[in-house]
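Student: Sharing a structure here in structure tokens format.
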Amino acid sequence: AANATTLARDMWPDKAAHLIQENTISASTLVDARMVPISVEDLSEWLWVDHQPEMSRALVYVRQDVEGAGDTNLEVIVRLQGVIADLNMNIGGNWDGTGMNAKKATQHITLISGGRDDAFEPQLRAVAAMREVILLQLGVSADTRPNRPGTLVLRRRVFTKIRVGTNDHLPSVLKAAEDPRSKFADIKSHWRVTERIVAATQLETGAIHAIPPLALRRGDLVDVSARITVTIMRNSNGRYYEVAFEPTTVVRLAHA
């Protein structure tokens, strides 16, 4: 939300950041669980962090006492709008093809305002506030990877680490034709691609048409759905946390 009565997407001129199918949705029609607060104080009473040390991660959920959250864990999914400044939608991201570096492989999409700072700035503030609250709930006060000023960097890890007896049932989502040299297959006992980013474009009729993620371009205006994940890592200085906003779905609203 840009404020208590306005969604951030409504700050864009001429409804440029709207999904046509959602034109009837507004801040007044959404339940509290579906509208992300923008202040640290409000977020502290809106989300909670599920620390899962056995999986070296934490997940972020809406608190069950928030209106509309329901009785089961509702994962926090944020909707962000912006212009693509940079991206890597390759199925392996920046992976170098070695098993040693599979854990570092990421895909990313970087959003900027495209000259609409009034519409983009509330999103920057909300993302910064969410990072702060999440880290505070984990007992730390600083992020190890701050975003570049004026940008939203959305990043997801390409591979899932496979743990026997825990998540080894998860299948790879890759087709054989996407792995002609079997580089992904060679490491599947330890690392697998278990999810992929979904991309689409909005047609003039409002219909949403699926497209390959590689069809997205710099300069496109997009609506991105992202989940929040926290990776727990260790180095010589001890444990630290990386908060990531992972893109799950990208809808192109206007071409570059």
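Student: Got a number for carbon plus sulfur as a percent of region 1-135's accessible area, 1.4 Å probe?
Tutor: It is 49 percent, rounded to a whole number.
Student: Also, quick follow-up: Assuming 0.36 nm per residue, please report the length gained on full extension of the stretch Glu204 to Asp42 beyond their Cα-Cα distance.
Tutor: Full-extension gain reported as 54.6 nm.
Student: Using DSSP to call loops (not H, G, I, E or B), can you name the GluC sites (Glu not before Pro) in region 147-256 whose Cβ has at most 10 other Cβ atoms within 10 angstrom?
Tutor: Qualifying residues, ordered by number: Glu204.
Student: Another question, if that's okay. Can you list which of the trypsin sites (Lys or Arg not before Pro) found in region 154-239 are DSSP loop residues with at most 14 other C-beta atoms within 10 Å?
Tutor: Answer by residue number: Arg163, Lys175, Arg181, Arg217, Arg218.
Student: Give the cross-link partners of Lys183 among the aspartates and glutamates, using a straight C-alpha distance below 15 Å as the criterion and excluding same-chain residues fewer than 8 apart.
Tutor: Candidates past the 8-residue exclusion: Asp96.
Student: Let me know the charge dipole size of region 45-159 about its Cα centre in debye, to the nearest 20, where only the beta-carbon of Lys, Arg (+1) and Asp, Glu (-1) is charged. Please report the intermediate quantities before stating the final value.
Tutor: Values: 13 positive and 14 negative charges, 116 e Å.
Magnitude of the dipole: close to 560 debye.
Student: Under the 0.36 nm per residue contour assumption, what length would be gained going from the current alpha-carbon distance of Glu121 and Lys104 to full extension?
Tutor: Details: separation 17, 0.36 × 17 = 6.12 nm, distance 2.98 nm.
The Glu121-Lys104 span can extend by a further 3.1 nm.
Student: Which value in nm describes the separation of the simple spin-label points at Asp71 and Asp50, placed 7 Å from the Cα toward the beta carbon?
Tutor: Spacing of the two 7 Å Cα→Cβ label points: 1.7 nm.
Student: Shifting gears a bit: By average Cβ neighbour count within 10 Å, what is the ranking of 112-120, 70-78 from highest down?
Tutor: Put in order of decreasing packing, that is 112-120, 70-78.
Student: Can I ask one more? Tell me, what is a quarter of the convex hull surface for the C-alpha atoms of the chain, in nm² with one decimal? Spell out each step's value before the answer.
Tutor: Working: hull surface 59.8 nm².
Seen from a random direction, the Cα hull of the chain projects 15.0 nm² on average.
Student: I'd like to know which of Gly114, Gly93, Val60 lies farthest towards the positive end of the charge dipole of region 38-126, counting +1 on Cβ of Lys and Arg and -1 on Cβ of Asp and Glu.
Tutor: In region 38-126, that residue is Gly93.
Student: GNM on the chain, C-alpha springs below 10 Å: top fluctuator among Thr151, Thr229, Thr24?
Tutor: Thr24
Student: Amide H to amide H under 5 Å from Ala199: which residues, 5+ apart in sequence or cross-chain, H placed 1.01 Å off N in plane?
Tutor: Amide H neighbours of Ala199: Ile211, Val250.
The values are calculated or read from the model by the stated rules, or taken from the named source; none is laboratory data. These numbers come from a predicted model, not from an experiment. Glycine gets a Cβ as well: all are built from the backbone with ideal geometry, and neighbour counts include every protein chain shown. SASA here: full protein model, heavy atoms, side chains in, ligands and nucleic acids out. Shrake-Rupley method; radii C 1.70, N 1.55, O 1.52, S 1.80 Å.
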